[in-house]
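A short worksheet on the structure shown next.
The values are calculated or read from the model by the stated rules, or taken from the named source; none is laboratory data. In this text, all values refer to a predicted model and were calculated from it rather than measured experimentally. Glycine also receives a Cβ, built like all others from the backbone with ideal geometry; neighbour counts cover every protein chain displayed. Only protein heavy atoms, including side chains, enter the accessible area calculation; ligands, DNA and RNA are left aside. Shrake-Rupley method; radii C 1.70, N 1.55, O 1.52, S 1.80 Å.
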Amino acid sequence: MELSLAELAGRTGTEVRGNGAKRVSAIAAIETATGQEISFVRDRQYARFLDNCEAGALILPPELAQRYPGDCLISPNPYLTYAKVAALLNPPLRPDSGIHPSAVVAPDVVLGQAVSIGPQVSIGPGCRIGDRVVLEAGCTLERDCRVDADSWLHARVALGCGTRIGRHVIIHSGAVLGADGFGFVPETSGWYKIPQIGIVRVDDDVEIGANTTIDRAALGETRIGRGVKLDNLIHIAHNVQLGEHTVIAACTGIAGSAKIGAWCQISGMVSIAGHLSIADRVTITATSFVINSITEPGVYSSGTTVDEHSLWRRNAVRFRQLDQLTRRVQALEKQLGEGPDQQGT
Amino acid sequence: MELSLAELAGRTGTEVRGNGAKRVSAIAAIETATGQEISFVRDRQYARFLDNCEAGALILPPELAQRYPGDCLISPNPYLTYAKVAALLNPPLRPDSGIHPSAVVAPDVVLGQAVSIGPQVSIGPGCRIGDRVVLEAGCTLERDCRVDADSWLHARVALGCGTRIGRHVIIHSGAVLGADGFGFVPETSGWYKIPQIGIVRVDDDVEIGANTTIDRAALGETRIGRGVKLDNLIHIAHNVQLGEHTVIAACTGIAGSAKIGAWCQISGMVSIAGHLSIADRVTITATSFVINSITEPGVYSSGTTVDEHSLWRRNAVRFRQLDQLTRRVQALEKQLGEGPDQQGT
Amino acid sequence: MELSLAELAGRTGTEVRGNGAKRVSAIAAIETATGQEISFVRDRQYARFLDNCEAGALILPPELAQRYPGDCLISPNPYLTYAKVAALLNPPLRPDSGIHPSAVVAPDVVLGQAVSIGPQVSIGPGCRIGDRVVLEAGCTLERDCRVDADSWLHARVALGCGTRIGRHVIIHSGAVLGADGFGFVPETSGWYKIPQIGIVRVDDDVEIGANTTIDRAALGETRIGRGVKLDNLIHIAHNVQLGEHTVIAACTGIAGSAKIGAWCQISGMVSIAGHLSIADRVTITATSFVINSITEPGVYSSGTTVDEHSLWRRNAVRFRQLDQLTRRVQALEKQLGEGPDQQGT
């Protein structure tokens, strides 16, 4: 794929400065970009790279464009423009349409136009596959699943019974949607399994990362809202609700029936307890543990960060005496007639 | 599936009040249940839903049944009765028996009665598959595995060489049992791999969640005791022993040779170090880090929970000075002739 | 496989004491080893097992060999010798060479000598498979992947477009290499996907655990250095660089563009933030959270460890008041004319 700067400017709504006829064939990082490639500088932080830059062209914010003599696209949001240029120069290599002869498709499955069903795919009875859907090698769909138009499941995605996938959804390899939620009732003889008879519903424009798991509801639905983006190795338990456009980074786990708002940003290795609510536009930093509902937008954190080991060990021991330490301070304050109230703390 | 309240009462050991001939076809949450559906109220906490309830019948504890005029099943444990009613109304849709023509089964594999071997299943030499076992699409069994009667492996489960699965075991999609444990010895040139020549043994009535991994032993067995329930994305390292009826929630990791007792309840995102023992009936709360053995039953916790970010940052900085702070308090106590002993703290 | 002690001594560079002609057929733990088996004692910690030991032979360090009358191999590093003896007695059961008829291999794929392509493997256009490579059942390789000589992919490994795997690499079941990195740019209407057009490159002698995910780079490469060992359920984000011989335990997550040095030892459930650097020979203990670069070798830790729940709860509450507590201590010090400086703390 090769495009001129003028074409790229037109299709990204940016302004070209210099030789609009110059053609570029790829996008690359500014440290490595060559004359046939276009690169970008996101902000002043990377401005130092401008001097030795050998890229054929750059995507720059206005303030940096002034300092750069070469051909460039001027954008108020160079990072977004980079993403759009990368998409224009790298159209996805869609597998050919058709059903591979090694695929196993139940007789009653309804297939849309121009679907691409790869090798060793298995589609159970009652499934409906929309137009232009791609199911790569080894995907397994149990009975009564539905995948709407233009969605793309990478190799070895597994959908449990009744899973509903919207339009323009991307699911990466190894993800499992619709496995049984984790529900048991104790008996003297052991744990009695609660049948998980609900489903997983994924709305349009969602992306789900590799080896992430989303469990089917005990009753009703586990719901992934429109535009949600999930990274790899995330666990979404039964009956969780994720609001629109919420993004969640890798290794995070959300327990049963938690209700997460829209436009939340949840970082990696976060634990969210069950049966709570998180408001819209809440940001949670990495490794945090959320045990109660969060009702106000804002940034929330927990955890501690690394120190040299022997220092950490001393502090960690003191943590286990922290309540006692606080009471010792109270005793000192009492003895001195001091107190938080008197100090305005 | 449709059953009368009298039938449900008889098969769940509960008492029917009202019209025992009324038939219900499904179970639903009380907020959404309609006239053909039965629902349940677990305890007083949800009693408020009784007034506007449109369910055809309810499962209630005695004290709530008094306040409800409609048809109901009266149970000392409505949650357990709900699970049993859900099971009666939703018998699992077992795939047809037989071996799908696309499955690859080694010639010497011993197959029991009425097994169901799905599309693209691969079974290596020396495997034994018990009566009524279900292996869904894409399951892979390396050589010499054994899966006993009435166990059900969902799509794309992988069993490594020699894995032993008991009776009535359920394994969800993407789980990997019997991969090599993580063992290496340092040499100057790199890490020398310790051959992992043991196996994984899973006893009867175990359930294993999606994308969970259980590694084979270096020598001997990694052992999952009878009735254990494992959620998704759990890591069980080589030579771990899990006692009977222990339940573990998602994203928890247990390091090598840890020995966990029976009837433990381990929550999500818990880390358990290797080569330690945990007693029976120990409960560990979410995100805890267990670094030493636990010898007494009880509830154990660690970690910190979220605060507003700027408050958290100040506290996290102070944590790194906690030992120093404690010594400062000691100095003050000394100066004042005070001390923990004198305060009885 | 059966070997004499003299043969084992010769092939492991150790000294045999006693009957060098004695043949052993297996290696076992010292508590269970029988007369046909060889076992080992790593150090004095396990010396108590020597007395009742029924093993046919032992691998011992010199100081313990003095206290043991039986046949033994004397080694300065019994643990390494155990690993080598285990490898000699348990040569890997390599599947037969050839391409299983159910495998789907694109016409232009270049296959080396003596490859073993298992059932239901799918290999896309443009792939190159080196000599003696093993691809077990259900592996999926998207277009333009390369797997070099003597590498072994266990069942159901997925490689995304362009993934490069070196020589003598072992990848366990369910691992996903080359899925899209997690990159989006916010727009008012939602998150715009940043095309992930880089690749994953894995150097020689790497081992990757079950269900671990390694994402392809946004631009350029995600690089796993020579001799790196990764455990199960690890997340390696796009553009991460792992230095040679670094080992990482299970459930750890590393965010985008982090650069980890050589010979690091990173324990389980560790979180490492993105866009930072970690020096060579850094050890990070389990559950740590690394938020800034680490420039010096050493051992680093964070987190807190379990206490009895009610004690933990009191301390965790105090943690949320820790900054306030520190200021209260400062006030007391001020009132008493005391201060850290005067105490030399």
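Observations, loosely collected:
- For A:Ala83, net neighbour charge (Lys/Arg +1, Asp/Glu -1) across residues whose Cβ lies under 13 Å away: +2
- Distances between copies of A:Asn52, taken at a point 7 Å out from Cα along the Cα→Cβ vector and listed shortest first: 6.8, 6.8 nm.
- Projecting the Cα atoms of B:Gly174, C:Val299, B:Val157 onto the charge dipole of the protein assembly as shown, computed from C-beta unit charges around the Cα centre, puts C:Val299 farthest toward the positive end.
- Per-residue [θ]222 nm for the protein assembly as shown (sum of -39500 (n - 2.57) over DSSP H runs n ≥ 4, rounded to 500): -4500 deg cm²/dmol
- Per-residue SASA remark: A:His154, around 30 Å² accessible (1.4 Å probe; ligands, DNA and RNA not included).
- The residues neighbouring B:Leu3, those whose beta-carbon lies less than 9 Å from its own, together hold a net charge of 0 under the Lys/Arg +1, Asp/Glu -1 convention.
- Among the GluC sites (Glu not before Pro) in the range C:245-345, none is located in a DSSP loop while being surrounded by at most 11 other Cβ atoms within 10 Å of its own Cβ.
- Chain B: antiparallel DSSP beta bridges as a percent of all, rounded to 5: 10
- Calculated from the alpha-carbon coordinates, the protein assembly as shown shows an Rg and a Dmax of 30.2, 87 Å respectively.
- Fully extended contour minus Cα-Cα distance, from A:Asp96 to A:Tyr192, at 0.36 nm per residue: 29.9 nm
- Rounded accessible area per residue of chain A, 1.4 Å, Å²: 37
- Note on C:238-249: average number of Cβ atoms from other chains within 10 Å of each residue's Cβ is 2.
- In percent, rounded to a whole number, the relative contact order of the range B:185-323 is 13, using alpha-carbon pairs under 8 Å and six or more apart.
- Note on surface exposure: B:Met269, A:Met1 rank A:Met1, B:Met269 by accessible area, highest first, 1.4 Å probe.
- Loop-located trypsin sites (Lys or Arg not before Pro) across the range B:60-163 with a Cβ neighbour count of 14 or fewer within 10 Å are B:Arg67, with loop assigned by DSSP.
- Coordinate range of the alpha-carbon atoms in the range B:198-325 per principal axis, descending: 50, 28, 27 Å.
- Semi-axis lengths (Å, descending) of the ellipsoid that matches the C-alpha gyration tensor of chain C: 43, 38, 16
- The simple spin-label model puts a point 7 Å past each Cα toward its Cβ; for C:Ser310 and C:Cys53 those points are separated by 4.9 nm.
- Those GluC sites (Glu not before Pro) in the range A:1-63 that DSSP places in a loop and that have at most 16 other beta carbons within 10 Å: A:Glu2, A:Glu31, A:Glu54
- Take each residue in B:219-226, count the other chain C-beta atoms within 10 Å of its C-beta, and the mean is 2.
- Among B:216-224, A:170-178, the order from most to least packed when residues are scored by Cβ within 10 Å on average: A:170-178, B:216-224
- In this structure, the amide hydrogen of A:Ile284, modeled 1.01 Å from its nitrogen in the peptide plane, lies closer than 5 angstrom to those of A:Gln265, A:Ile266, A:Ser267, A:Tyr300, counting only residues at least 5 positions away or on a different chain.
- Approximate spin-label separation A:Thr34-B:Thr34, in nm, with each point projected 7 Å along Cα-to-Cβ: 6.6
- Annotation for the C:B interface, with buried accessible surface near 6200 Å², both sides summed [1.4 Å probe; non-protein components not counted].
- Nearest-first distances (nm) between copies at C:Asp280, label 7 Å from Cα via Cβ: 5.3, 5.3
- Two-site FRET efficiency, A:Gln335 against C:Val317, from Cβ-Cβ distance with R₀ of 30 Å, rounded to 0.05: 0.80
- Apolar share of the accessible surface for the range C:3-89: 47 percent from carbon plus sulfur atoms, 1.4 Å probe.
- Rounded to the nearest 10 Å², the accessible area of B:His238 at probe 1.4 Å: 30
- Each Lys or Arg adds one and each Asp or Glu takes one away; over the other residues whose Cβ falls under 15 Å from the Cβ of B:Arg281, this sums to -3.
- Occluded residues from the range C:85-117, i.e. those whose accessible area drops by 30 Å² or more once the chain is not alone (1.4 Å probe): C:Asn90, C:Leu93, C:Val104
- Spatial offset of the range B:117-131 relative to the range C:1-32 amounts to 37 Å, using the alpha carbon center of each.
- Between identical copies, the spacing of B:Gln36 label points, each set 7 Å from Cα toward the C-beta atom, reads 6.4, 6.4 nm from nearest to farthest.
- For the range C:126-283, the Kirkwood hydrodynamic radius from C-alpha pairs, put into Stokes-Einstein at 20 °C and a viscosity of 1.002 mPa s, yields a diffusion coefficient of 139 µm² per second.
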